[in-house]
Amino acid sequence: MIKPIAILGSGESGTGAALLAQKHGFDVFVSDKSLIPDKYKAILDKHNISYEEGSHSEAKILKSSFVIKSPGIPDKAELVQKLRAANIPVISEIEFAARYTNAYFIVVTGTNGKTTTTLLTYHLLKKAGFNVGLAGNVGESLAKQVATENFDYYVLELSSFQLDGMFEFKAGVAILLNITPDHMDRYEYKIENYVNSKFRVIQNMAENDVFIYYPESKLLAEGLKTRKLPTTSLTISLTEEDHTAFYADNSLKIKYKDQNLTIPESNISIKGKHNMINSMAAVLAALSVDVPVQSIEEGLQDFKNASHRLEFVAEINGVTFINDSKATNVDSVTYALDSYTQPLVWIAGGTDKGNDYAELDELVKKNVKALVCLGADNAKLLKAFSGKVKAIESTDEINMAIKKSFELAQPGDIVLLSPACASFDLFKNYEDRGDKFKAGVLNFKKEIELKQSINE
């Protein structure tokens, strides 16, 4: 008998899951409460996969053998609660896809730095000639790749939402970069729930598997106290030498698998202390699967990071504009504010996620000369930094934020978009916010140059 399954959500993960499920003989039904994007609808139509949009047919979905849920749908959603009450398993696309591949998984999670570390790890393996795929929150759907490719390795970036729907999945290498408060609205505003979610990355791992982590993250260290690690543990430090990898004398020092490496920071394409953590994690992951040292060193030099992460945009009359739109929480902004020695005009704001801005007070006092609040409601930011920053402006329009920032800056200063908030009040997502910032800065630069040429 053909088993019926439902897939909630029709995005990259949902459509990929549908393709894999159809390949393995399931009766697939895709249901999306929103409208299905045209590109995914075309894929579903091409493969004759049944779907609906704009609503959920609960009676049909509740007849499923199991349900694959988009990570964007919270567990507290009414339909998910009904499925659980009916003892219908609800899993993630990653959990489902892993059932149909024997590939070796290198998994990266943490509140911040996931994408950079995932991309760098993938780059190091790819450069060494490994047959490796990239999936999770980056690249194409894991399920789609399992359905259409035959990779020996996968490097996965996983969010807490994805981990929540994973039960039998096992990583060969798991990287936990850090844990700081984030998505508290999804975790009943209980930090222990979020910590528990992140530590799901090591479930099912065995003694010969490898767990790479940064114990100087306070919540991560607290979480370790109540857990027995079943794995080979490799640690990373920015301050102490008694670790597998540590940062000292402007270099990465790594002692692992009979290797005793010193890699100068000048030979690493990504900069900033947070990226030294990311680099050490990626190098240890690569060494764990026997990537040659020479290839690793070359890969660190020619790696190009994804957009919206401390990304240079332009220089206008000596003022440098940096796009860090991916910084959607306080911890990631901490790294950004600490990455520059020049005076900063900081653009922040958006949909607040329960932020405690007091954590930024010391860095703001030290490095920020002006703050431009960019959001539909800037009240919390204004209250948090009133009296702590000499100049504060507020707007809900990104081009105005760019103009105000330039007016507040002097040659040699940096205008830093590092929002500390989600983007959904004014933008589709953080990419849309970053893209509009970059376009706005470049248009503003043209306007300035045109005015200067007319006045000459």
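The values are calculated or read from the model by the stated rules, or taken from the named source; none is laboratory data. What you see is a predicted model; the values in this text were computed from it and never measured. Neighbour counts are summed over all protein chains in view; Cβ atoms, including those assigned to glycine, are modelled from backbone coordinates with ideal geometry.
The table for this structure:
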| item | result |
| --- | --- |
| Looking only at region 384-420, and only at residues there that are outside any helix (DSSP H, G or I) and of a type in the set (Ser, Thr, Tyr), the one that is modelled with the lowest pLDDT | Ser386 |
| Count of region 372-388 residues which are crowded, with 20+ Cβ neighbours inside 10 Å and either farther than 27 Å from Met184 by Cα or in contact with a Ser or Thr (Cβ under 9 Å, 6 or more places away or on another chain) (or both) | 6 |
| Qualifying positions in region 1-51 - over 25 Å from the mean Cα position of the chain (by Cα), buried (at least 21 other Cβ atoms within 10 Å of the Cβ) and assigned to a strand (DSSP E or B) | Ile5, Ala6, Val28, Phe29, Val30, Ser31 |
| Members of region 393-405 that are surrounded by 20 or more Cβ atoms within 10 Å (Cβ to Cβ) and more than 26 Å from the chain's Cα centre (by Cα) | Glu393, Lys404, Ser405 |
| Selection from region 416-456 of residues that are surrounded by 20 or more Cβ atoms within 10 Å (Cβ to Cβ) and of a type in the set (Phe, Trp, Tyr) | Phe427, Tyr430, Phe437 |
| Meets criteria (assigned by TED's automatic domain parsing to the domain that holds Leu125, among the basic types (Lys, Arg), surrounded by fewer than 19 Cβ atoms within 10 Å (Cβ to Cβ) and not in a loop (DSSP other than H, G, I, E, B)) for Lys255 | yes |
| Pairs, first in a helix (DSSP H, G or I) in region 361-372, second of a type in the set (A, V, I, L, M) and modelled with pLDDT of 95 or more, C-beta under 8 Å, six or more apart | Val364/Leu371; Val364/Val389; Asn367/Leu344 |
| Residue among Ile268, Ile263, Ile254, Ile322 that is in contact with a Leu (Cβ under 7 Å, 6 or more places away or on another chain), under 23 Å from Asn208 (Cα atoms) and of a type outside the set (D, E, K, R) | Ile254 |
| Residues that are hydroxyl-bearing (Ser, Thr, Tyr) and touching a strand residue (DSSP E or B) at 6+ places or on another chain (Cβ under 6 Å), drawn from region 404-456 | Ser405 |
| Pairs where the first residue, in region 188-210, is closer than 11 Å to Ser233 by Cα and the second is part of a helix (DSSP H, G or I), C-beta under 7 Å, 6+ apart | Val210/Ser288 |
| The lone exception for Leu287 - which of (1) of a type in the set (A, V, I, L, M, F, W, C); (2) out of contact with any Lys or Arg (no Cβ under 8 Å at 6 or more places or on another chain); (3) in a helix (DSSP H, G or I) it fails | (2) |
| Qualifying residue in region 87-100 (condition: among the acidic types (Asp, Glu) and closer than 27 Å to Asn278 by Cα) | yes |
| Options Thr116, Thr121: the member that is within 20 Å of Leu284 (Cα to Cα), in the same structural domain as Leu234 (by TED's automatic domain parsing), modelled with pLDDT under 95 and buried (at least 20 other Cβ atoms within 10 Å of the Cβ) | Thr116 |
| Single condition Phe130 does not satisfy, out of (1) touching a Phe, Trp or Tyr at 6+ places or on another chain (Cβ under 6 Å); (2) closer than 19 Å to Leu224 by Cα | (2) |
